[in-house]
Structure formats: C-alpha cells, structure tokens
C-alpha cells in the first residue's frame, strides 16, 4: 500500500485515515460534479479534485468551504468532458446514438524491436567468442614486460 519512515503505529494509522477521508471526499465531489452526465470524465474530475485539494483546505481553515466547493464543482461541470472520437466512439457516444464507423478497425502498428528486447542466443558449446566477440587473451599473446 505505502511505505512509512516512521515506526509509530499511531502516525501510520493517522496517515491511512487521512488518505481514506481524502478518497471519500473526492468520490463525493465526483458524484456531485459530473456523475449525472455520461459525457463527463471521472478521471478528469479526479484530477480536478487533486489539483484543488489545497484550495479546499485553505477554504476549510478560513471558513469559506461552501464557496470553494461550489467553485470546484463548477469547474468540474464545465471542463471535465470526454474527448469525442469519430473512429472509435466512447460508450457514452454510442449510447447517445452516434453511428459506428463502417470500416473495420485497423490493427495497431508493430513497434520496431529495441536492442534490449532481443533474445540472447547462446550457440551450444561455443560461447560468445564465435558470435563475433573478442576471444579471451591467452598467456602467449601478452607482452614479456607485463609478465
């Protein structure tokens, strides 16, 4: 789930409780802001909640929570729309009656193989030297001064 630098169980419990409360508040805001419209994106709404969390905390401290939450909900309702697609419509677009494209979907392009994706093949019994690598240096090839 997460890592803690502290071994104090009360501090860990407090942190887990704070994260749980943040997720519950985020879910409430998403339900109030854009759950009623299928053309709204819940992912974008969650990003708005995370971006505006500091503003919500300042509003809580200053006693202006209601005004801040209304502002966040307005932002969600106006900006968290799904991207409309012509070739592959969203589920919400299909439910609204957008016709499906007549041509079949093309398969995705194969990306070129990268060097690290290649499989290493060991020739049986010969080692890497036979594949163009350097052969191990023998004692005879060393200069006399190095011995």
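FYI, it's all coordinate maths here, none of it is from the lab. Because the structure is predicted, anything quoted here is derived from the model rather than measured. Here the Cβ is made from the backbone with ideal geometry for all residues, glycine too, and neighbour counts use every protein chain on show.
Worth pointing out:
- On the beta carbon distance between residue 50 and residue 105, with R0 = 41 Å, the FRET formula returns roughly 0.80.
- Estimated distance in nm for a label pair at residue 71 and residue 37, the labels positioned 7 Å out from Cα along Cα-to-Cβ: 2.1
- Applying 1/(1 + (r/R0)^6) with r as the Cβ-Cβ distance of residue 64 and residue 17 and R0 = 25 angstrom yields a FRET efficiency of 0.50.
- For segment 1-118: rounded, prolate or oblate by the Cα gyration tensor [a/c cutoff 1.5]: oblate
- Contour minus Cα-Cα distance for residue 90 and residue 26 (0.36 nm per residue): 20.6 nm
- Cβ crowding within 10 Å, taken as a proxy for footprinting-reagent exposure, orders 44, 19 from fewest neighbours to most as 19, 44.
- Between residue 98 and residue 114, the modelled label-to-label distance comes to 3.2 nm, taking each label 7 Å out from Cα in the direction of the beta carbon.
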